[in-house]
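The values are calculated or read from the model by the stated rules, or taken from the named source; none is laboratory data. Please read these numbers as outputs of a predicted model, since none were measured by experiment. We place every Cβ from the backbone using ideal geometry, glycine too, and count neighbours over all the protein chains shown.
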């Protein structure tokens, strides 16, 4: 009896184990079953892009047809292959109107194509960190906005889908890409493919307070950095400061890199392989900037400013010159018309060696893990349509990326947008004259140049010691990428 | 089967000798139930605590970057960090922040707890009120402190200039001598309520008879505090100090929101340095920065555990 009981218990346990195993297998089978359609999607890869391409072109065509500029397509809109759900990480910018417009446009496109799109707007200062976590945990969105640094990092790790076809299509539909834009996303820099679609060119424009400067007898914009510091010296009267430029451990602090480059200082050699920051040119730059700091031309706090430090200083009337991408203009338009009327914009001044005024694209990309690559590509293509960009550019302060966009009235009438359009044409490539690579990005992510300046003005290092330390840090960083 | 054979061949007398106790005795069944009940907790601890902890340590020995599992590189990340100027400063600053702010939290927390343990009017209200800094979201608290310390328009400078105590502007967060003290003040303000409430709870469990007996023996207030109060709440002080040290060593928002580690690494701490590493997508290095603080914390844990064990 007991033997029977033992056997039956074993059977019972065996039965449970068998059921559990069957359940696990079923679950695995289930996932492979759910994968099957995906695999199917993959296997119909050749068909899917065709459908997506048709849909992508149909959407903008339908839009432009409505505006009467392009003949309407008579074909029924093609269905874009998707899982019905997408996630888009947008880059949050200072203009709420621009953010809202982007979110709404993406959502509307999703509704039109029967895709529920979750648009998450992310502070651009935190995109790198969020992406790092998302790649590691395999939770990347279907598409995202990013800067050039992140494009470089993700391209190096083969985390992005090549978008050469989409890039070419958009270029063809809008008169071609502007040269600076085309160069900035040159496949040579990104592993041989176009991994992102630029949607705006950002860069700093020099803001100046004309009311203050005119009183001191200055009517024109400074042409060189030393001219700027001379002008600043004449108008600085605390709590009004001439040179409201960040020297802190944030992205704005890294603007000091291109000022140093305009002095002839270099982060690395021509191959982008070895750090070469220690040079007489760097020393000359460091001498200039620290002298100006010691003269009290920088507002107090610039060594710990956050990304909005220059905005706050200018908006509160404490700054004469700032370098800004245009977010201050958005604020002035809404809040301070007097300040707006007393503000003029110009290109970055020259240094003793050259003019370095970088413009850099903001980019949309599709992670290789996207479950909806065709829909994501179609969406990016749609977002380049004229109807959207004509509304978007005035709200988001960006320069144009496509030839057709340069004809928008905005780039001929609005002072900031004129400056940005000029920057796209006459500005310098990102990292120029250095090589834009991951070591350069890592160097900047560690804020070596602003820290070098801080060592002199905060820790009272002599110039050589501060440069030696920067060189040592740069050596350590560049050695990692050899 | 053996028992059955013995039964049949050797008869009932020998069968009594060969009878075995059933395997599933009451105590074994009880033990099994205990183990089964503990398994879920162990599984959760292993999954949520042990696995990430040891995984972070493993990653710190690799050249892992985002999207690439990387290779084992031994101590390379640690060698790189040791040669990286900011790392040594971050290590020193982290220890300074922990020691000084926890010391101050102890003094402030204990003083207020002793005060609130007395019979005061509106004592309940004060006890609730004291929790406010701790209950407030960290980013609100530290951004507010940042605004208070602003060189132009900040409250502290306004007070100093309006009262003619100091004529010029003090850049509290922008100079080495004042940046870390400013961050410590904000960190203490945010963290002392936890100490205070914990001590208050402990103080309420100290038997009043001891105080009365000490008074009868002629002990003064200081002697009562030193010989009765402190020994009675010693366990709580040790545990709170341990927890607070771990939290402070890993705190990020206080530094990030107030100074971003600046000026010139004056307030750079390990969590902020790890965050910079993450910005470069170099997970191995970022993990190495985080792991670097573990030995110091482990020593602290062992000391506290030993002291608790001693009691």
Pick from B:191, B:174: which is in contact with a helix residue (DSSP H, G or I) (Cβ under 6 Å, 6 or more places away or on another chain) and within 11 Å of chain A (Cβ to nearest Cβ)? B:174
Mind counting the residues in segment A:295-311 that are within 11 Å of chain B (Cβ to nearest Cβ) and touching a residue at least 12 places away in the same chain (Cβ under 8 Å)? 10
Please find, within segment A:262-281, the residue that is farthest from the chain's Cα centre (by Cα) out of those that are over 24 Å from residue A:309 (Cβ atoms) and in a helix (DSSP H, G or I). A:280
If we keep only residues of segment A:155-180 that are in contact with a helix residue (DSSP H, G or I) (Cβ under 7 Å, 6 or more places away or on another chain) and part of a helix (DSSP H, G or I), then the residue nearest to the other protein chains (Cβ to nearest Cβ) is A:156
Residues of segment A:87-141 that turn out to be over 28 Å from residue B:271 (Cα atoms) and assigned to a helix (DSSP H, G or I), as a count: 17
Taking the criterion of being free of Cβ contacts under 8 Å to residues at least 40 places away in the same chain, more than 22 Å from residue B:184 (Cβ to Cβ), within 11 Å of another protein chain (Cβ to nearest Cβ) and touching a helix residue (DSSP H, G or I) at 6+ places or on another chain (Cβ under 7 Å), would at least one residue in segment B:281-300 satisfy it? yes
Conditions (1) surrounded by fewer than 24 Cβ atoms within 10 Å (Cβ to Cβ); (2) within 27 Å of residue A:195 (Cα to Cα) -> residue A:354 fails only (2)
Can you confirm whether segment B:281-291 contains a residue that is surrounded by fewer than 16 Cβ atoms within 10 Å (Cβ to Cβ) and part of a helix (DSSP H, G or I)? no
Restricting to segment A:312-331, and then to whatever is within 14 Å of chain B (Cβ to nearest Cβ), in a helix (DSSP H, G or I) and surrounded by fewer than 22 Cβ atoms within 10 Å (Cβ to Cβ), can you tell me which residue is modelled with the lowest pLDDT? A:312
Within segment A:378-482, which helices (runs of 4 or more DSSP H) (wholly inside it) include 2 or more residues that are within 9 Å of chain B (Cβ to nearest Cβ)? A:438-445, A:448-457, A:463-479
Just to check your reading of the model, which residue among B:97, B:37 is modelled with pLDDT of 90 or more, farther than 20 Å from residue B:281 by Cα and surrounded by 12 or more Cβ atoms within 10 Å (Cβ to Cβ)? B:97
Looking at segment A:231-261, which of its residues are within 23 Å of the chain's Cα centre (by Cα) and in a helix (DSSP H, G or I)? A:251, A:252, A:253, A:254, A:255, A:256, A:257, A:258, A:259, A:260, A:261
Qualifying residue in segment B:258-270 (condition: part of a helix (DSSP H, G or I) and within 13 Å of chain A (Cβ to nearest Cβ)): yes
